[in-house]
């Protein structure tokens, strides 16, 4: 059995919109197909969706732009701060270079003073030489962080080298000062030289004799001082020297002070150059108040005048 299947008719339903005007005018109606309403609703939904998405996208982009703007401002602030720090570091580094140059010059001058200047072949940071010429030049450029870092490393190494050099120089100066302090170089007392070193006419009126020192005459009680740093080796009566002080200065150098009236030091005592050790007198074999001053090097009497 065959069934006749009818194709459904298109949806022809409609919405009727009736409009009632005022003042008793005729009523008229507008018929809107339901399809049109559906299409309008879908279109409106799509438009609302697109509008909502656009607004959300706009707000997101606005937030991103605001965040990027804030980050850019912070980055600009950091860059400005870093630039200021870089400028300050460059100035500080330049000052350190000048200070190192002065230290190098001071090192060179001090070495010349102690006669221990390094040889010309020795490589050191070149000191600034002061002269009458003022020629300078070169393009102006801003140092980079790497440039300043390398320069700081070089300055650090140069500072360590200069520190060691100055330590060595200090040791050399200390040694030289100690050697100078322990070398007789001043007069033991004030007065008149009545007898010099070497052969002389005998003060006793006959012939000549060998005088191993110099005699300096003055009033009894005139202070006698050590002519160099040293250790008192003897302080007592010693034959014709009378009351005598003997001081050992090291390096084989010994000084003797004879004919004193009073002794102020004891054996083993350390004395300094210029320190009072006795008072002038007329003890021992002597014709009057004076100081017999004698210098011995490795046991041999030498002329004190070569040390004065």
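Tabulated results
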item	result
First in region 141-169 and on the phi < 0 side of the Ramachandran plot and surrounded by 11 or more Cβ atoms within 10 Å (Cβ to Cβ), second anywhere and at pLDDT below 75 and outside any helix (DSSP H, G or I), Cβ under 7 Å, 6 or more apart	158/125
Number of positions in region 224-272 that are out of contact with any strand residue (DSSP E or B) (no Cβ under 8 Å at 6 or more places or on another chain) and assigned to a loop (DSSP other than H, G, I, E, B)	2
Residues that are farther than 30 Å from residue 173 by Cβ and exposed (fewer than 11 other Cβ atoms within 10 Å of the Cβ), drawn from region 86-107	88, 91
Residues located in region 290-302, provided they are surrounded by fewer than 20 Cβ atoms within 10 Å (Cβ to Cβ) and touching a strand residue (DSSP E or B) at 6+ places or on another chain (Cβ under 7 Å)	296, 297, 301, 302
Any hit, region 207-221, residues being assigned to a strand (DSSP E or B), modelled with pLDDT of 95 or more and within 12 Å of residue 278 (Cβ to Cβ)	no
Among residues of region 263-289, those that are exposed (fewer than 14 other Cβ atoms within 10 Å of the Cβ), over 16 Å from residue 228 (Cβ atoms) and in contact (Cβ under 8 Å) with a residue 60 or more places away in the chain, counted	2
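The values are calculated or read from the model by the stated rules, or taken from the named source; none is laboratory data. Computed from a predicted model, the values in this text were never measured in an experiment. Note: ideal-geometry Cβ built from the backbone for every residue, glycine included; neighbour counts use all protein chains shown.
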